[in-house]
Each structure stands twice: as C-alpha cells, then as structure tokens.
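Enquirer: This structure is in structure tokens; I'll ask about it shortly.
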Amino acid sequence: MPQQKTAAPKAKARAPFPAEADLHTWAAELDVVGAKLAPRFERAEPRQRVLAYLTGLLSNAERKNSWQLAELAGEASPDGMQRLLSTAHWDADGVRDDLVNYVVEHLADPQAVLVLDETGFVKKGSKSVGVAPQYCGAVGKIANCQIGVFLAYATAAGPVLLDRELYLPKAWIDDAERREEAGVPPQVGARPKPALGQALLERAFAAGVRAFAAGVRAAWVTADSIYGGVYALRHFLEEREQPFVLAVPSTQRVGLSDKAAQVVASWPAQAWQRLSAGEGSQGPRWYDWGCMSMPWRDAPEGMAHFLLARRSLSQPEEVAYYFVCGPTAVTLPQLALVAGTRWQVEQAFELAKGEVGLDEYEVRTWTGWYRHVTLAMFALAYLTLVRLHAQRAQDMQRTRKKGRPPTKTAS
C-alpha cells in the first residue's frame, strides 16, 4: 500500500553485518545468494532491488520498513521497495524453494529437528490481510494481529525458518469484499492451523518437486499440542516413517478410555527421571521426565509408540504430554532433548524479528506479506550461515595457536 510521501525518518545505519563475520565472508556469501535468486527476476531493476532489500534487512538500522531500507539503498523515496513487495513480477514461492535448497546445501544436519509453530504480528486497524482479534503468543494475550504458521529447521548451527503460511481467521473466510481488497487468492479457503502445518511438512519432504534439489531430511519432527493433538498430522508422519515427538492435550485418549493425564498420574515415583531438555538462556532446562511404551498401537517396522510426560520441578502440577513415534531403541534422555528442541523455534522468531525485520513490514496484501516474510526468512538463513563460517574460522585460529592441526569440518 503506498505511503503518504512525507520526509523519510532517518535510518540509524551501523555496521551492516554481525561483527564476528568478516567483510570477505559476508560479501562472498551475499554474492552466492544474489546468483541463486537472479533467475526469479526477469528485469534488472527488481533483481538489483531485492539484494538491496536483503542488505537492508541484514543491516543494524533501527527499523526495517520501506523508508529505512530505501534510505540505506540510497533511494529518495520508498516507492521502489514498495513496488518490490506489491507489483513487481516475481514469485515468492519460487524464492521460498530457493531458500529450502540453500539451507539443504549449506546447513543440512542429519540430527536436525523440524519444528512447527506459529507467531503473531500485532497490527492496527482491519485492513491488513488476516488481521483479527486472536491469541497472539508474541504478547501473551488476545490482540489485533496476524498469525503466521512456520516450519523451522533446528540444527547445531542454529535454527532457521524454512516455510510459512498465513492463517486466515473465520472473519475473513466468507468476506469476499475484504478478501478481494487484500488480494487473497480465490482458491484459498478455510485452512485450520494443523492443516497449514501439514502442508509445510509435505513441501519440505518433497524431493524433486517445485525445483527442490532434494527433500529436507530430519531426525525428528516436533510441535505443540495445537498440531500434535490432531490425528491426521500424526498419521501423515507415521505413513512416512518420520519419527516425531508431538505434544498432545491432557485429555488425549491413550487407550480405549484412559486419557493422558489419568495414565501419567498413575505412574510410580520411580518412573520419573530428572533430565535436561537442553540449554536455555539460564543454563540447562531441568524437568522430571517419564515414558511409557504403547505396544497396542501399530507402528512402522523398527519403530514404536510411546507416551512421554514432562513435569515442572517448581510446580509439579504442571505436566506436558507427548505422543512419540520413533526407533524402538530410543532413550528417555534423547526424547527429552527432542521435546526441548521445540523452544528453538522461539529463538528463530526472536532472531528473525530482532535482527532481520520479520515483523517490520508495512504491507496489507496477501502478496506483500508473503514476499516480505520470505525475504526475511532468507536473510535469517544467510545470517546463520555467515555466523557459522565466522565461528569455524575462529575455532581454526584458536586451534592453530595451540599448535594442533585444525579439525576438518563439513561445508
């Protein structure tokens, strides 16, 4: 949506990339990204502007809106940046496919965990596509916001965002005038969040589809109970023989009549082990964990079903429940770490919003939302890779100073 042309606010541009990433590293990697994206743009203007847009998202500008990004690119008005997000001819889904290939090529990890989750984007007014009063995890209450469902790829190098879908609340589904004004495609109907999540997983797993060089491979999939509590999603993963640790509600039926909370409440004290769910900002995240096999549930060969529970140490009445389908030999410590990996998606959202402007767009349309969010996701993956290269270079320098030959690392 065009903005009123008033004086542009002054961008506080500082060092455009993280201090730990040297000039040659980030410049070379940005050239790689530019070459990868170039075929998606038929004309030179949007091809050059998309790199300027990415550079602005990666900058330390105080804000990442069209005014700021235009100023950083040396442009007198935000018109060009707004055209890039609204009317320029390019396919955001094609760039999303390039992002998946980029991550698979540079950040693939056999122990990676795919994480489904959502985040909210607080907005004013009623014109922004998908906006409505709904629960927003970003502020912890009902707010006027948009909700995006995301698929994160959690690796040892850090989490990145692979794919995205905008959730349309009920108020938008049958409002033809509102949909048309916001550019919602006619074929987009009511899509519950778990269905959106499954669509993200289907695309990630697809090999040779939509120009993917290879499907994404992950050791596990995890998600909260909004997604894990839906049988269709669990069945989809079982059919693929894809291991998962999915949260379910306390009322989830475990057998013919018993519910998860009832079953776990009957476990003896010795059924619990104190284990870390991984490192948090304050150190290891300790909980009591318990696990029970569910042999009556059919599972793919070599796999089994389990009921997993996590109990708070400070408030023992707070218990989380999970359905697991994984290797028969999986251990409780392994399951605790997989379940804990779900928190990495919060880190990805924090990084994407705090460092590459995921939530700082000023667009109202369907096309604009998908274009900005996709480019912000690409910027996050780029930033993760550059930081990984910088960390490896620092590790090699420290190793050389100690007089030992450097250890080879995967590219």
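Laboratory data are not the source of any read-out in this text; all were calculated from the coordinates shown. What you see is a predicted model; the values in this text were computed from it and never measured. Backbone-built Cβ (ideal geometry, glycine too); neighbour counts: all protein chains shown.
Enquirer: Round to the nearest 0.05 the FRET efficiency obtained for SER86 and ALA27 when R0 = 41 Å and r is the Cβ-Cβ distance.
Expert: Efficiency computed from Cβ-Cβ geometry: 0.90.
Enquirer: For the residues ARG96, ARG47, what sequence is obtained by ranking on other C-beta atoms within 10 Å, fewest first?
Expert: ARG47, ARG96
Enquirer: What full-extension length gain, to one decimal in nm, is calculated for ARG191 and VAL122 as 0.36 nm per residue of separation minus the Cα-Cα distance? Walk me through the intermediate numbers first.
Expert: Numbers: separation 69, 0.36 × 69 = 24.84 nm, distance 2.08 nm.
Extra length from ARG191 to VAL122 when fully extended: 22.8 nm.
Enquirer: For the chain, set up a Gaussian network in which alpha carbons nearer than 10 Å are linked by springs, and say which option among VAL95, VAL330, VAL104 fluctuates the most.
Expert: VAL330
Enquirer: Under a GNM of the chain (C-alpha, springs under 10 Å), which listed residue has the highest mean-square fluctuation: PRO46, PRO169, PRO284?
Expert: Largest GNM mean-square fluctuation: PRO284.
Enquirer: Residues with amide H under 5 Å of CYS136's amide H, sequence separation 5 or more or different chain, H placed in the peptide plane at 1.01 Å from N; which?
Expert: Close amide H contacts, sequence-distant or interchain: LYS141, ILE142, ALA143.
Enquirer: Now for a different question. What net charge is computed for the residues neighbouring PRO192, neighbours being all others with C-beta under 14 Å from the C-beta of PRO192, Lys and Arg scored +1, Asp and Glu -1?
Expert: +1
Enquirer: Charges only on Cβ, +1 for Lys and Arg, -1 for Asp and Glu: so what's the dipole of the chain about the Cα centre, in debye to the nearest 20?
Expert: 800
Enquirer: Could you calculate the contour length gain from ASN101 to MET396, that is, 0.36 nm times the residue separation minus the distance between their Cα atoms, to one decimal place in nm?
Expert: Numbers: separation 295, 0.36 × 295 = 106.20 nm, distance 2.74 nm.
Gain on extension, ASN101 to MET396, equals 103.5 nm.
Enquirer: OK, next. Going by how many other Cβ atoms sit within 10 Å of their own, how do VAL221, VAL248 line up, fewest first?
Expert: Listing VAL221, VAL248 from fewest to most nearby Cβ atoms yields VAL248, VAL221.
Enquirer: With the chain treated as a Gaussian network of Cα nodes joined by springs under 10 Å, which of GLU355, GLU180, GLU118 yields the largest mean-square fluctuation?
Expert: Checking each option, the largest mean-square fluctuation is seen for GLU180.
Enquirer: Run the lone-cysteine check on the chain: no other Cys C-beta under 4.7 Å from the residue's C-beta.
Expert: Those would be CYS291, CYS325, since no other cysteine Cβ in the chain comes under 4.7 Å of theirs.
Enquirer: So what's the net charge close to ARG178: Lys and Arg +1, Asp and Glu -1, counting the other residues with Cβ under 15 Å from its Cβ?
Expert: Once positives and negatives cancel, what remains is 0.
Enquirer: Ok, one more. Among DSSP beta bridges whose residues both lie in the chain, state the antiparallel percentage, nearest 5. Could the numbers behind the result be given before it?
Expert: Values: 51 of 58 bridges.
Antiparallel bridges make up about 90 percent of those DSSP assigns within the chain.
Enquirer: Also, I was wondering about something else. Two decimals, Cα atoms only, Kirkwood Rh: what is Rg/Rh over the chain?
Expert: On the Cα set of the chain, Rg over Rh gives 0.99.
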